[in-house]
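Novice: Right, I'll just put the structure down here and ask away after.
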Amino acid sequence: MRYPSLKNRSTARSLAAGIAALCSAGLAVAADAPTVPSVTALLCGHLIDTAAGKVLGETTIVIEGGRVKEVHSGLQAPSGATAIDLKTQTCMPGLIDSHTHITGQTSRTEYSDRYHWNLSDYVIRSTIYARRTLLAGFTTVRNLGDTANESAALRNAINAGVVPGPRIFTAGKAIGSTGGHGDPSNGLRQDLMKDFGAVDGIINGPEDAVKAVREHYKLGDDVIKIMPSGGVLDEGASGDNSQMTLEEIRAVVTTAHDYGFAVAAHAHGAEAIKRAVLGGVDSIEHGTYMDAEDMKLMVEHGTYFVPTIIAGDFVARQAKIPGYYPATIARKASEIGPLIQATAGRAYKAHVKIAFGTDAAVYPHGENAHEFELMVGAGMPPMFVIQAATVNAATLLRHDKDLGSVTAGKLADVVAVPGNPIDDISLMKRVSFVMKEGVVYKVNAVPVDTGL
Ligand SMILES: [Zn+2]
């Protein structure tokens, strides 16, 4: 595939210079980047003020050094600035997907590939998934589970300007219990099964839980993911049973919060959700069988819900294709998958805090924005779902000082769609402009050659 340049290639270079200045190793652009720091002005037909929940009229966003310098009404670029014409577009902050697995992706051969592929095979492909995610308008993701902390290597490569991709906050490997959703040998024949321990993320008891969290600190991860309930895409019998005790969850959360980590809990079953909320986790992921008591507790504790409706929708459809999944997984996928959208609608009505997240990898990377349509289909207003993917997700990430709105001082992550997504939410699937930290990756719906 060939990528057209911006009209003037030096414009792309000077835009790229912003990130080069911020990153200690802007390898791809440092050699011939201009010495003068550039100022860019985005001339937007509209801007979504995600903090206020309003669509503003014509607005100019001035960017310098990878951050938003100024936002003012009207279309006027400061003299000397590189102006980008987005008059027919609606601008908004870069989108945040709170639940991805960017180093893998579903396929018919996914379960047999595990016997043939090395970690490096996954890592090579992850660079393409990262690029697709960024070009779909997602400038930041939380990565909630990988195999061997490989998503941290991808995060570091993206931050260093080696490959294009979203800003990644990673959990590394998820923490679960023996035979549970996080146990990689679950479902294998006995001589291939392994007795994993806390260093591998498999815990049995509060002491293991403490050690597992500290291991993530040692590895340089950003967030903690736990598996208090069964899941769909492993070969365990139940997709929703409780697989961690309240004491284990509490031990994870207390330790994680000591180290500044937020805790995300994969949970389908009502009892597992309740334990996770009482244990103090920051978000419930999927939440399929969330009941009224769970929702009440989540409101009281301020726990976020990350519904991942698209994942449920996708697996339920794939389960109908003979042989796509192993039989146990196909059964769980058809039971659990179709229920998430209705749960998300009930949670919205119950005033549970919601952050946008998709479980990307369960469905193909780059299609993340379909979740917006599914959230609106669940009964959420378009402005609410855009806020879920910006201000709310930034708060859940604990990075709302830098992300989540187009505001002077914040990082210059800006995307745009052709038209008003409040009138037609499907426009979120047609992101035509992508800027991350002042660098333009897509303009006029075409990827830009940034030199990476
Ligand atoms: Zn997941």
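The values are calculated or read from the model by the stated rules, or taken from the named source; none is laboratory data. Predicted model, so just to flag it, every value in this text is computed and none were measured. Positions of Cβ are generated from backbone atoms using ideal geometry, with glycine treated the same way; all protein chains shown enter the neighbour counts.
Novice: Mind checking which residues of segment 317-327 are in a helix (DSSP H, G or I) and either within 16 Å of the ligand (Cβ to nearest atom) or crowded, with 24+ Cβ neighbours inside 10 Å (or both)?
Specialist: GLN318 - this is the single residue of segment 317-327 that is in a helix (DSSP H, G or I) and either within 16 Å of the ligand (Cβ to nearest atom) or crowded, with 24+ Cβ neighbours inside 10 Å (or both).
Novice: Another question, if that's okay. Given the criterion in contact with a helix residue (DSSP H, G or I) (Cβ under 8 Å, 6 or more places away or on another chain), charged (D, E, K, R) and touching a residue at least 40 places away in the same chain (Cβ under 8 Å), identify the matching residue among GLU215, GLU247.
Specialist: On the way: GLU215 fails: touching a residue at least 40 places away in the same chain (Cβ under 8 Å).
Of GLU215, GLU247, the one residue that is in contact with a helix residue (DSSP H, G or I) (Cβ under 8 Å, 6 or more places away or on another chain), charged (D, E, K, R) and touching a residue at least 40 places away in the same chain (Cβ under 8 Å) is GLU247.
Novice: Oh, and also: Do you know which of the residues in segment 70-128 that are more than 16 Å from the ligand (Cβ to nearest atom) and of a type in the set (Asp, Glu) is surrounded by the fewest Cβ atoms within 10 Å (Cβ to Cβ)?
Specialist: Step by step, filter segment 70-128, then rank; the result is ASP121.
Novice: Exactly one of (1) in contact with a Phe, Trp or Tyr (Cβ under 6 Å, 6 or more places away or on another chain); (2) away from the ligand (no atom under 16 Å from the Cβ) is unmet by GLY197. Its number?
Specialist: Condition (1) is where GLY197 drops out.
Novice: Condition test on TYR324, is it within 22 Å of LYS225 (Cβ to Cβ), touching a residue at least 24 places away in the same chain (Cβ under 8 Å) and of a type in the set (Phe, Trp, Tyr)?
Specialist: no
Novice: Further question: Can you tell me which residue is farthest from ILE102 (Cα to Cα) among those in segment 123-148 that are touching a residue at least 24 places away in the same chain (Cβ under 8 Å) and more than 16 Å from the chain's Cα centre (by Cα)?
Specialist: ALA148
Novice: Given (1) within 16 Å of the ligand (Cβ to nearest atom); (2) under 21 Å from ALA319 (Cβ atoms); (3) not aliphatic (A, V, I, L, M), identify the lone condition not met by SER238.
Specialist: (1)
Novice: Tally time: how many residues in segment 131-146 are at negative phi and within 16 Å of the ligand (Cβ to nearest atom)?
Specialist: 7
Novice: Another question, then. Quick check, is MET193 over 23 Å from the mean Cα position of the chain (by Cα) and surrounded by fewer than 24 Cβ atoms within 10 Å (Cβ to Cβ)? So that I can check it myself, show each step before the final result.
Specialist: Working: over 23 Å from the mean Cα position of the chain (by Cα): yes; surrounded by fewer than 24 Cβ atoms within 10 Å (Cβ to Cβ): yes.
Considered against the rule, which asks whether it is over 23 Å from the mean Cα position of the chain (by Cα) and surrounded by fewer than 24 Cβ atoms within 10 Å (Cβ to Cβ), MET193 comes out as yes.
Novice: I'd like the residue in segment 274-312 that is over 21 Å from TYR363 (Cα atoms) and of a type in the set (Gly, Ala, Ser) and, out of all such residues, is nearest to the ligand (Cβ to nearest atom).
Specialist: Going through the qualifying residues, I end up with SER283.
Novice: Of the residues GLU248, GLU215, GLU271, which single one is among the charged types (D, E, K, R), away from the ligand (no atom under 16 Å from the Cβ) and within 27 Å of GLN105 (Cα to Cα)? Steps first, please.
Specialist: Values: GLU248 fails: within 27 Å of GLN105 (Cα to Cα); GLU271 fails: within 27 Å of GLN105 (Cα to Cα).
Answer to the selection: GLU215.
Novice: Sort out which residues of segment 344-371 are part of a loop (DSSP other than H, G, I, E, B), under 14 Å from the mean Cα position of the chain (by Cα) and more than 16 Å from the ligand (Cβ to nearest atom), and write them in order of number.
Specialist: Scanning segment 344-371 gives GLY366, ALA369.
Yes/no per residue for (1) modelled with pLDDT of 95 or more; (2) assigned to a helix (DSSP H, G or I); (3) not hydroxyl-bearing (Ser, Thr, Tyr):
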| site | (1), (2), (3) |
| --- | --- |
| ALA209 | yes, yes, yes |
| ALA212 | yes, yes, yes |
| HIS216 | yes, yes, yes |
| GLY239 | no, no, yes |
| GLU248 | yes, yes, yes |
| ALA256 | yes, yes, yes |
| ILE273 | yes, yes, yes |
| VAL281 | yes, no, yes |
